[in-house]
Amino acid sequence: MAQLQEVANFMKEHGLLLVTAESCTAGLIAATLADLPGAGALLDCAFVVYSPEAKQRCLGVDPNTIERCNLTSEAVAREMVRGALPECRANVAIANTGVADAVDDEIPAGTQCFAWAFRSKDDPRELRIFSETRRFSGGRNEIRQQSAEYALQRLPHYFETAGRLC
């Protein structure tokens, strides 16, 4: 909890307002942030887009990307953050898509793909997007909670990286 409070303090210091686009975590990123005092100033909205159709309909994820790269892919996570930001007033987005259970032999249980996107201060249409894939262990809900916390904990790192690129 202390690490997450540090993330919340970082967000306040830098004027960051978050939107989430969540699949495997099903709203846990937003809920984890909302557990902290003052979260109303840090969280604008959250999209829970579990099905491929919801990802396409709500966030504009290209069905060809899903077919080509799989639902559990950085490419899909990147399209999710790109689709979430125009729908709200947030200046940062986090997306997650992955598997908590072993559903097929291609993607191991616990595989999680993340993306973080930051709006440029100079041009709100310009985005800095970062992505990565991680694998967590444990039961289904442990994996989901670890993923939510990880997504928030990485936000300061990618914010600093985005600033260096501007």
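The values are calculated or read from the model by the stated rules, or taken from the named source; none is laboratory data. Fair warning: this is a prediction, and the values are worked out from it, not measured in the lab. Positions of Cβ are backbone-derived with ideal geometry, glycine not excepted, and every protein chain shown enters the neighbour counts.
Selection of region 104-132 for residues being closer than 21 Å to Gln145 by Cα and loosely packed, with under 14 Cβ neighbours inside 10 Å yields only Pro108. Among the residues of region 53-80, which ones are in contact with a helix residue (DSSP H, G or I) (Cβ under 7 Å, 6 or more places away or on another chain), of a type outside the set (Asp, Glu) and under 17 Å from Ala115 (Cα atoms)? Within region 53-80, Lys55, Gln56, Leu59, Gly60, Val61, Thr65, Ile66, Cys69, Leu71, Ala75, Val76, Met80 meet the criteria.
Note on region 58-74: among residues that are free of Cβ contacts under 8 Å to residues at least 40 places away in the same chain and hydrophobic (A, V, I, L, M, F, W, C), the one that is farthest from Phe47 (Cα to Cα) is Cys69. What's the total number of residues in region 150-166 that are more than 15 Å from Asn91 (Cβ to Cβ), surrounded by fewer than 20 Cβ atoms within 10 Å (Cβ to Cβ) and at pLDDT 95 or above? Residues meeting the conditions: 4. For Ala102, the requirement of being free of Cβ contacts under 8 Å to residues at least 24 places away in the same chain, farther than 21 Å from Phe159 by Cβ and outside any helix (DSSP H, G or I) is met. Taken over region 123-166, residues that are within 21 Å of Leu85 (Cβ to Cβ), touching a residue at least 40 places away in the same chain (Cβ under 8 Å) and over 17 Å from the mean Cα position of the chain (by Cα) amount to 1.
Each residue in region 107-166 was checked for being part of a helix (DSSP H, G or I) and either of a type in the set (A, V, I, L, M) or more than 18 Å from Leu71 (Cβ to Cβ) (or both), and 22 of them qualify.
Here is a yes/no grid of residues against (1) farther than 23 Å from Ala102 by Cβ; (2) surrounded by 16 or more Cβ atoms within 10 Å (Cβ to Cβ):
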residue: Leu17; (1), (2): yes, yes
residue: Ala21; (1), (2): yes, yes
residue: Asp35; (1), (2): yes, no
residue: Ala46; (1), (2): yes, yes
residue: Ser51; (1), (2): no, no
residue: Asp62; (1), (2): yes, no
residue: Thr65; (1), (2): yes, yes
residue: Thr72; (1), (2): no, yes
